[in-house]
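Some notes on the structure that comes next.
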Amino acid sequence: MTPITEVEGRRLALRNLDKVLHPATGTTKGELLHYYATVGAVLLPHLRDRPVSFLRYPDGPEGQLFFTKNPPPGTPAWVKTTPVPRSDDPGARQVMVQDLASLMWAANLVVEFHTPQWRADSPAVADRLVFDLDPGPPATVVECCLVARWLRERLASDGLEAFAKTSGAKGLHLLVPLEPTPSAQVSAYAKKLAMQAEADHPALIVHRMAKALRPGKVFVDHSQNAAAKTTATPYTLRARPLPTVSAPVTWEEVEECDDPQRMVLLMDDIAPRLERYGDLLAPLFAPDRAGALP
């Protein structure tokens, strides 16, 4: 029997609630759905008005993973979609997660949420800049935190304010609120900063993706500023062995990070952090915090 639940007046069939998705912690699909219901109020502003891509992992992170930009088969008519033309599909549309009912429908598919740096009403005009700091072993997120501090100071010298979140995987993401700026311009600026970072710290930082260059260094991935690229949305669960979350952290936590485990935030950690800090990324939505590129 499939339980039917009502969310904001929409009827949802929530399936397989007892299914274990993360064997390491025994985390079930029902617990995953409870997490999204609990954090919906802070997650939704980061999703709203942006086309959403899904990384689906219906059998857990050890099962088959597939990335989709198209609305999944069976998407209800009440879930909003927006045109996102692509060269291979000029009529393409993507889901927009505008409300709690849409969030719970999507979460029931067992997904990571990924969003671009622009809103659907202004395609390829970014309102944030992103750096994805990715450590090449034996480097860890501890080295990413050192790089994040350099980038924070460098951005500040251009009048830009950076905010940090865990990637939910091995690294760290930096987000910077911007006055709306064409994605191509943001990409060029981000690449320039990544190259500067490498020039200043060649033993620690690399700005190119080539795997051979990355052992023991932090790859400053600037490419997710391209209009066609997406980044894991704040507060999304990740398809990892543990139920990790891509969650905001304070600059004090970044500065004090001396152990990779300090940057591992699990599903159950988030509600207490929200009680303590609120949404540390709320300034991304404050017009007075948005900076202009130099």
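Annotations for the structure displayed:
- Relative contact order of the range 202-287, taken over Cα pairs closer than 8 Å and 6 or more residues apart, is 17 percent.
- Each Lys and Arg adds +1 at its Cβ and each Asp and Glu adds -1 at its Cβ; summed about the Cα centre, the chain shows a dipole of about 860 debye.
- D by Stokes-Einstein for the range 57-214, Kirkwood Rh over Cα pairs, 37 °C, 0.692 mPa s: 181 µm²/s.
- Of (i) 45, 21, 16; (ii) 31, 23, 18; (iii) 44, 29, 15, the label for semi-axes √(5λ) of the Cα gyration tensor in Å derived from the coordinates: (ii)
- Our analysis of the range 99-180 gives Rg over Rh at 1.06, with the two radii drawn from alpha carbon positions and Rh computed by the Kirkwood formula.
- Cut-off under 5 Å, modelled amide H: who pairs with Leu129 long-range: Val176, Leu178
- GluC sites (Glu not before Pro) lying in DSSP loop within the range 1-99, provided at most 15 other Cβ fall within 10 Å: Glu8, Glu62
- When the convex hull of its Cα atoms is projected in every direction, mean area for the range 44-111 (nm²): 5.0
- The angle between the Cα long axis of helix 183-200 and the main principal axis of the chain comes to about 50°, on a 0 to 90 degree scale.
- Over 29 Å between alpha carbons, listed pairs Lys19/Lys217; Lys192/Lys229; Lys165/Lys217; Lys80/Lys192; Lys29/Lys80; Lys165/Lys229: Lys19/Lys217; Lys80/Lys192
- Neighbours of Gly291, meaning other residues whose beta-carbon lies under 9 angstrom from its beta-carbon, give a summed charge of -2 when Lys and Arg score +1 and Asp and Glu score -1.
- Estimated from helical segments only, the mean residue ellipticity of the chain at 222 nm is -8500 deg cm²/dmol, where each DSSP H run of four or more residues counts as -39500 (n - 2.57).
- When cysteine pairs in the chain are screened for C-beta atoms closer than 4.7 angstrom, the residues that find no partner are Cys144.
- Rounded to the nearest 20 debye, dipole of the range 25-118 from Cβ charges on Lys, Arg, Asp, Glu: 260
- Amide H contacts of Thr244 (H built 1.01 Å from N, under 5 Å, at least 5 apart or other chain): Arg238
- Local electrostatic count at His222 - Lys and Arg +1, Asp and Glu -1, tallied over other residues with Cβ under 9 Å: 0
- List Lys211, Lys69, Lys165, ordered by accessible area with a 1.4 Å probe, largest first: Lys211, Lys69, Lys165
- Positive-end extreme of charge dipole, the range 60-192 - chosen from Gly168, Ser157, Pro123 (charges on Cβ): Ser157
- Within the shell defined by Cβ-Cβ distances under 15 Å, the residues around Asp269 carry a net charge of +1, with Lys and Arg each +1 and Asp and Glu each -1.
- Cα gyration tensor shape for the range 35-74, rounded if a/c is under 1.5, else prolate or oblate: oblate
- Cα centre as origin, Lys/Arg/Asp/Glu Cβ charges: the range 145-294 dipole, Debye: 760
- A cut-off of 5 Å between modelled amide H atoms, ignoring neighbours fewer than 5 places along the same chain, links Gln98 with Lys80.
- Positive-end residue, the range 1-154 charge dipole about Cα centroid, Cβ charges, pick of Ala106, Gly63, Val95: Val95
The values are calculated or read from the model by the stated rules, or taken from the named source; none is laboratory data. Keep in mind that what you see is a predicted model, and the values were worked out from it rather than measured. Don't worry about glycine lacking a Cβ; one is built from the backbone with ideal geometry, like all the others, and counts go over all protein chains shown. For the accessible areas, the whole protein counts, side chains as well, though only heavy atoms, and no ligand, DNA or RNA atoms are used. Shrake-Rupley method; radii C 1.70, N 1.55, O 1.52, S 1.80 Å.
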